[in-house]
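In what follows, a single structure is set out as structure tokens and then discussed.
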Amino acid sequence: MRLNRRSFLQLTALAGGGLALDLYRSPLAIAQSIGKPIDLAPQAFIQIAPDGAVTIMARASESGQGMRNMLPMLIAEELDVDWKDVHVQQAELNEKVYGPQFSGGSANTPMGWEPMRRVGAAGRQLLVTAAAQTWSVPETECTTKSGHVLHAASSRSLGYGELAAKAATLPAPALSSVKLKDPKDYRIVGHSQTGVDTHAIVTGKPLFGIDVELPGMLFASIEKAPVFAGKVKSANIDQIKAMSGVRHVLVIDGGITPAAYTPWEPGMEPGIAIVADTWWQAQQAREQLKVEWDLGPAATQSSVGFQKRAKELLAAKPGNTLRKYGDLDAALKSSAKVVEATYEYPFIAHVTLEPQGATAHWKDGKLEMWSTSTLPVDGRGLVAKTLGIQESDITTHMMRSGGSFGRRLQNDYLVEAAWIAKRVDAPVKLLWSREDDIAHDPFRPGGTVGLKAGLDAKGKLTAWRHHLVTFGDEKHSTSGGGIGRDTYPAGFAPSYELYTSAQPLMLRTGAMRAPGDNAYCWVSQSFIDEMAHAAGRDPLDFQLELLSNKQAPWTATGEDAVGDHEPSGQSVLIPERFKGVLELVAEKSGWANRPKTPGRGMGIAAWFCHLGYFAEVADVSVDAKNKVTVHQVWAAGDVGSQIINPGAAENIAFGGIIEGMSHMGQEITLEDGVIQQSNFHNHPLMRMRQAPKIEVYWRKTDYAPTGLGEPTLPPTLPALTNAIFAATGKRIHTLPLQKSGFSWA
């Protein structure tokens, strides 16, 4: 990442003579660094107190990705302090001071890698300058170590706390001019560091949004229609108001009109909010509610109807052409073998372990919020718009959340809490139940994909036709339902066509971990495996050959209205990195010498998304009742030149693999517009007993470090379904597993 001359450190003296360092840098520099325009404001900062205590602000929201460790680690490394002596503090929401404060798209690593290190290096430089002036020696004779500036020639040293006040008076060095450490000298980065919140989490300290407690706080719960955006016609409100502990019963009209396409942030769903002295009392009152609903047009939707319409659209002329090159029809006609298949994947819910909720307090025309949003700036803006107030009248405290996986990018629960708080003369904590969380989730949209490909007499790919049937209207795909025009294997197939068609959906959808890629990887990598077997070739060799067949730059034809999925960051796949992780995972798993026995098999798959490359091999067995046991998964990742926190990186990879396994057994279905799933018994997570042995390996390459929250997940699904095929000879074209006759053991 290159910083321009306008990037600078702003220094201010702390009360008591300490030092605060704030990073300011160009929004354009950040945008260029991750390959897409993002309107970002300035920077993280560090504080050094007179006694030498070092506090580093964690600017990003935290929902388990490790941002509260990773970004401060970069600063601490270049500042040259010991990690054990650093206190990490969560920043309040103030983008003018702290810069980007979101977590999503695996973006914090590529965005933070260079600027955070330069902040630390600039802080170190100021302290060296202060010491050199104090001793009247050249700066070049001074070094630093463990929070001290050293002058070897005179055997003198000064602690950072002793130098902080003087350093605060010095002009800041240009970030582009500061010297960064040689990676071989890293003492923090590249070494596993325990999470700054780990001890508090395992000892039950109140860190999460659900833990917020305020004097005089009331609790809220919202009853919503069983059908998306259904409105209240009548209800026994007076009876509910008379129940024990109930303080308020509020009818929410909402601002959603069901249509073929629902925007990313639709606002509040209609419903009835019950505010009580305790959440249990609010829930008890909900059970006594008798509501007559106007269910609206969304009540006509069903999964059976979606499936029927998808088949019709696959058989018809596609609605949109996203990419087309070569003469595909001629290539198919001349192919020695043509392979066709249809793949179907379902809607699924995020099911974060901490259900949605927020705490809000309206007082004297201003709002104070305790938020678990991973897009807190967007959340504040949506709240301001909904309540008709200025964003400057909202104070947001960023609380740790118990998981997001993309769910907390949307701020519906935040708006609900604020709306209720404005009507209640007390702090209010809104909590969703698990059933609320599943029924009213912004689901990962389902899809149906028709594929057709050709093979020549030598078993080489000649053509690939890809038709995605998604959801939306004539201009937009539903959130998370579009597909990027460069999605693999685009650009590698000798001739290629990518089409989309859409059917209307009156339901809210949204990004889920590795948006789009969590399904498209399964489709494409499964079909590549299918073609390899049709050609009588090893799937690894088949794909390595495909990756060596980079085509000329593409030119799209037609309209791409239903194709608004764009990768987060660099969209150019580098074949050598893709091949590298495939070759590494093949080596570590013993792919070349894999056993081939009935009932047991190994599958391989890889993917590139969010700047990261991951390949995985799964070893599974399938018993006579088609129950699947996953014995082991090997994973190889390439996320650049440096693994910042190896222990955390391994944990994230484990989590992505386990979540991918969960996706294979999950499904959201509709009947008369009503979600049929309600809790973990019919939308299950993987159990500990089902978790396989997992080994993770890293391939370090000469690229700036990138995030890995997303890239670890997508290859899991095709690696497992390809392994099931290897074990049984049965190809899985439909998820969840149970729809193809399989289940987890």
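The values are calculated or read from the model by the stated rules, or taken from the named source; none is laboratory data. Here the structure is a predicted model, which is why all the values come from computation and not from measurement. As a convention, Cβ positions derive from the backbone with ideal geometry for all residues, glycine included, and neighbour counts pool all protein chains shown.
Against the test of being among the hydrophobic types (A, V, I, L, M, F, W, C) and under 21 Å from the mean Cα position of the chain (by Cα), the options Ala502, Ala532, Ala514 yield a single qualifying residue, Ala514.
Of all the residues in region 458-477, those that are polar (S, T, N, Q) and at pLDDT below 95 number 1. Scoring Lys429 on the criteria (1) among the basic types (Lys, Arg); (2) assigned to a strand (DSSP E or B); (3) over 21 Å from Ala276 (Cβ atoms) leaves a single failure, condition (3). When you look at Gly673, is it more than 29 Å from Ala649 (Cα to Cα) and out of contact with any helix residue (DSSP H, G or I) (no Cβ under 7 Å at 6 or more places or on another chain), yes or no? Taking the combined requirement at face value, the residue does not satisfy it. Residues that are at pLDDT below 95 and closer than 30 Å to Pro110 by Cβ do not occur anywhere in region 595-604.
One line per residue, one yes/no per condition, for (1) out of contact with any helix residue (DSSP H, G or I) (no Cβ under 6 Å at 6 or more places or on another chain); (2) part of a strand (DSSP E or B); (3) aromatic (Phe, Trp, Tyr); (4) surrounded by fewer than 21 Cβ atoms within 10 Å (Cβ to Cβ):
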residue	(1), (2), (3), (4)
Gly454	no, yes, no, no
Lys458	yes, no, no, yes
Ala463	no, yes, no, no
Gly482	yes, no, no, no
Asp486	yes, no, no, yes
Ala490	yes, no, no, no
Leu507	yes, no, no, no
Ala511	no, no, no, no
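Quick grid of which residues meet (1) assigned to a loop (DSSP other than H, G, I, E, B); (2) surrounded by fewer than 20 Cβ atoms within 10 Å (Cβ to Cβ); (3) of a type outside the set (Gly, Ala, Ser):
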{"position": "Tyr697", "(1), (2), (3)": "no, yes, yes"}
{"position": "Thr701", "(1), (2), (3)": "yes, yes, yes"}
{"position": "Pro705", "(1), (2), (3)": "yes, no, yes"}
{"position": "Glu710", "(1), (2), (3)": "yes, no, yes"}
{"position": "Leu717", "(1), (2), (3)": "no, no, yes"}
{"position": "Leu720", "(1), (2), (3)": "no, no, yes"}
{"position": "Ala726", "(1), (2), (3)": "no, no, no"}
{"position": "Arg731", "(1), (2), (3)": "yes, yes, yes"}
{"position": "Gln738", "(1), (2), (3)": "no, yes, yes"}
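Cβ-Cβ distances below 7 Å connect no pair with a first residue in region 93-117 that is over 18 Å from Val178 (Cβ atoms) and in the same structural domain as Leu611 (by TED's automatic domain parsing), a second residue that is of a type in the set (Val, Ile, Thr) and assigned to a helix (DSSP H, G or I), and a separation of six or more residues or different chains.
Quick check: anything in region 317-329 surrounded by 16 or more Cβ atoms within 10 Å (Cβ to Cβ), out of contact with any Ser or Thr (no Cβ under 6 Å at 6 or more places or on another chain) and either in the same structural domain as Lys385 (by TED's automatic domain parsing) or in a helix (DSSP H, G or I) (or both)? No, every residue in region 317-329 fails to be surrounded by 16 or more Cβ atoms within 10 Å (Cβ to Cβ), out of contact with any Ser or Thr (no Cβ under 6 Å at 6 or more places or on another chain) and either in the same structural domain as Lys385 (by TED's automatic domain parsing) or in a helix (DSSP H, G or I) (or both). Within the set Ala165, Ala121, Ala172, the sole residue that is part of a helix (DSSP H, G or I) and more than 35 Å from the chain's Cα centre (by Cα) turns out to be Ala165. Filtering region 278-311 to residues that are assigned to a loop (DSSP other than H, G, I, E, B), hydroxyl-bearing (Ser, Thr, Tyr) and touching a residue at least 60 places away in the same chain (Cβ under 8 Å) leaves only Ser302. Take Ala384 and decide whether it is surrounded by fewer than 20 Cβ atoms within 10 Å (Cβ to Cβ) and at pLDDT 95 or above. Here the answer is yes, as Ala384 does meet what is asked.
Just one of the listed residues (Glu269, Glu340, Glu312) is among the acidic types (Asp, Glu) and in contact with a Phe, Trp or Tyr (Cβ under 8 Å, 6 or more places away or on another chain), and it is Glu269. Does Leu150 satisfy the criteria of being in the same structural domain as Glu78 (by TED's automatic domain parsing), more than 23 Å from Arg59 (Cβ to Cβ) and at pLDDT 95 or above? In short, yes. Would you mind stating whether Ser244 is over 26 Å from Ala511 (Cα atoms), hydroxyl-bearing (Ser, Thr, Tyr) and surrounded by fewer than 19 Cβ atoms within 10 Å (Cβ to Cβ)? It is true that Ser244 is over 26 Å from Ala511 (Cα atoms), hydroxyl-bearing (Ser, Thr, Tyr) and surrounded by fewer than 19 Cβ atoms within 10 Å (Cβ to Cβ). A Cβ distance below 9 Å, combined with a sequence gap of six or more or placement on separate chains, defines the contacts here; from region 624-641, residues that are under 25 Å from Thr109 (Cα atoms) and at pLDDT 95 or above reach residues that are part of a strand (DSSP E or B) and of a type in the set (Asp, Glu) in the pairs Trp634/Glu616; Trp634/Asp619; Trp634/Glu695; Ala635/Glu616; Ala635/Glu695; Ala636/Glu616.
Annotation note: of Val97, Val119, Val128, the sole residue that is closer than 25 Å to Val377 by Cβ, surrounded by fewer than 24 Cβ atoms within 10 Å (Cβ to Cβ) and among the hydrophobic types (A, V, I, L, M, F, W, C) is Val97.
Each residue in region 246-277 was checked for being under 28 Å from the mean Cα position of the chain (by Cα) and part of a strand (DSSP E or B), and 0 of them qualify.
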